[in-house]
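One structure is given here, and the rest of the page talks about it.
The values are calculated or read from the model by the stated rules, or taken from the named source; none is laboratory data. Please read all numbers here as calculations on a predicted model, not as lab measurements. Backbone-built Cβ (ideal geometry, glycine too); neighbour counts: all protein chains shown. Just so you know, the surface numbers come from the protein's heavy atoms only, side chains and all, with ligands and any DNA or RNA stripped out. Shrake-Rupley method; radii C 1.70, N 1.55, O 1.52, S 1.80 Å.
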Amino acid sequence: MARCCYTEKGTRAMSFDEKLEEARDGEGSMKINEMEQTKVSLMRTYVESQDPSSRDPSSQKADDLMIRRFLRARDLDVEKASALFLRYLKWRQTFVPNGSISLSQVRNEVAQNKMFLQGLDKQGRPISVVLGAKHFQYQGSLDEFKRFLVYAFDKICTRMPPGQEKFVVIGDLEGWGYSNSDMRAYLGALSILQDYYPERLGKLFIIHAPYIFMAIWKIVYPFIDKNTKKKIVLVEKTKLRSTLLEEIDESQLPQIYGGKLPLGSTFYRGTGPSIFIPTRTSLRRPPSSILLTSPSPEPKPPPPSSSVAALFHSPPSGRMAEEEQEIKRTSHSEEGESEGNDEKGRIRKNKLKKRLLKEASKADKRGVCYLSRIPPHMDHVKLRHILSQYGEIQRIYLAPEDPATQVHRKRAGGFRGQVFSEGWVEFTKKTVAKRVAKMLNGEQIGGRKRSSFYYDLWNIKYLSKFKWDDLTEEIAYKNAIREQKLALELSAAKRERDFYLSKVDKSRALSSIEERLKKKQKVQQDAGTNTEAPANDQGPKVIRQFPQKPPLADKAAESKPRLSKDILAGVFGGSS
């Protein structure tokens, strides 16, 4: 595999950007300092000895920058960086045998329209917008999602201006829910970005993060590299525009975040020709209309709704022609079916929209009642049976009691079944929920006299402007807090254990030293060379003596005036 195929484009925070001085020459390329250049040469020699196919003198400059990124990812450790780079070469040969990922290999992921490419930030880094709510778990394997990542990042990095090695990502999680929580995909993406695309991420802005996202974030966060963590920014909703404008100019910021650039308008100019990223509709046009366009003083922007549905246009040189041929083949076959598919898609979309609007209108009419106390022996089945006679019930949630209280009650010989501390009941109509709360609050539950909760009283209240989604978000938030506290406790316990074990090892080392000294002294005594007493019989060894002044209290006691014995005998009538 030639060095010109070292197309690793990924994300990992630069650990030496703040320590190493980097300058730019007149052409905009980066100057590598002497220390880095020496280690780049060492790493190159080692890699070429392990993988002879990596020799290619034509791409010396590009490979220096690439090897430097791998070195920085491992804090300039040549051995670790070489191992990472060789693993990358092996992965690239097996996962991307043709040198790049084609559009036909990632059609299912591309169809989700979840990635957009914007302009450049203030440092000249490309900006990518990712909509997390549009990612759904694919029923098949994760290979297509991983190929989509490789396809996307390869395309992003080919659009970088000369001398630039990083890009910026805006992760928008508005509308993100449990259906989008694809844990396997997140961990797989993290592995690819950190291991095979090091030192490519400039900044990651996570915006509109809901409460339920924190539970997933707590699981993924320990797997993130410490230097990459410094590049991740969780943006508050109230400071969204001001935070983004610190890194991105208003003319390059999407309109939905307070900028002036329509989302998906990817027409920007660098030192070379302007580059246009096609949309799905533009793929049906002749291939020549979506390739590189010649630079012009006033380029026409693409439609505001252009997305990375087809992601970025084909790579330069030979791959461009292959992409053109692929687009020609697919465009003719899809031309006849596009109109019928679009009509069916619109019908399905309208039906889904109507159903969602109907469900939303029904949800607005529902009311929730809160039960501050659940009598013993009552569960959700019995509660639904009792309350359903007053109105239709949608959902019931009963919170289990504290485990410590349950253990104490069982040890005391009390009820050994499940007991609930509080509960929520959702009625179909608000008026019914208000009437039930007003009618039953403070009244006896009643029913059959043999019932265990016959004499208990209702403690029920209607919650105004409270929805069931508020309850689920609160439960998810509490679960995330509990997991975080548990992680902190485990971390503290681990530190205590490590401290104890270190002291045990130190004690063993000191004991072994004492044992060796005793054996040495015993051998010297047997040989007659040591005439002194054993170390245990000797006094403490004085390493250094410090002269001290005599205490003042002794002299004061001698010079203190005292009454004579004759005077005391005359006063108390004693005889001398």
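Observations
- Spans of helices (runs of 4 or more DSSP H) in region 189-280 with at least 2 residues at pLDDT below 85: 211-220, 226-229
- Close contacts from region 341-370, counting a first residue that is farther than 20 Å from ALA111 by Cβ and a second that is in a helix (DSSP H, G or I), with Cβ to Cβ under 6 Å and a gap of 6+ residues or different chains, come to GLY367/LYS430; GLY367/ALA433; CYS369/ALA433; CYS369/ALA437.
- ARG384 satisfies every condition listed in (1) surrounded by 15 or more Cβ atoms within 10 Å (Cβ to Cβ); (2) within 25 Å of LYS467 (Cβ to Cβ) except (1).
- Residue within region 93-111 that is among the hydrophobic types (A, V, I, L, M, F, W, C), under 22 Å from the mean Cα position of the chain (by Cα) and more than 23 Å from ILE248 (Cβ to Cβ) present: no
- Selection from region 407-441 of residues that are in a loop (DSSP other than H, G, I, E, B) and either of a type in the set (Val, Ile, Thr) or in contact with a strand residue (DSSP E or B) (Cβ under 6 Å, 6 or more places away or on another chain) (or both): VAL419, THR428, ASN441
- Condition check for ILE219: open to solvent by 30 Å² or more (accessible area, probe 1.4 Å), of a type in the set (Val, Ile, Thr), within 10 Å of the chain's Cα centre (by Cα) and farther than 19 Å from GLU174 by Cα: yes
- Counting residues in region 512-531 that are more than 41 Å from the chain's Cα centre (by Cα), β-branched (Val, Ile, Thr) and open to solvent by less than 100 Å² (accessible area, probe 1.4 Å) gives one or more.
- Selection from region 170-188 of residues that are crowded, with 17+ Cβ neighbours inside 10 Å and either in contact with a Phe, Trp or Tyr (Cβ under 7 Å, 6 or more places away or on another chain) or in a loop (DSSP other than H, G, I, E, B) (or both): ILE170, GLY171, LEU173, TRP176, ASN180, SER181, ASP182, ALA185
- Sole residue being of a type in the set (A, V, I, L, M, F, W, C), modelled with pLDDT of 80 or more, assigned to a helix (DSSP H, G or I) and out of contact with any strand residue (DSSP E or B) (no Cβ under 7 Å at 6 or more places or on another chain), chosen from LEU352, LEU356: LEU352
- When LEU457 is tested against (1) modelled with pLDDT of 90 or more; (2) open to solvent by 100 Å² or more (accessible area, probe 1.4 Å), exactly one condition is not met: (2).
- Verdict on TYR197 being surrounded by 21 or more Cβ atoms within 10 Å (Cβ to Cβ) and either among the aliphatic types (A, V, I, L, M) or in contact (Cβ under 8 Å) with a residue 40 or more places away in the chain (or both): yes
- Residue pairs whose Cβ atoms lie under 7 Å apart, sitting 6 or more positions apart in sequence or on different chains, and linking a residue in region 427-452 that is over 16 Å from ARG373 (Cβ atoms) to a partner that is open to solvent by 70 Å² or more (accessible area, probe 1.4 Å) and not in a loop (DSSP other than H, G, I, E, B), are LYS429/LYS365; LYS430/LYS365.
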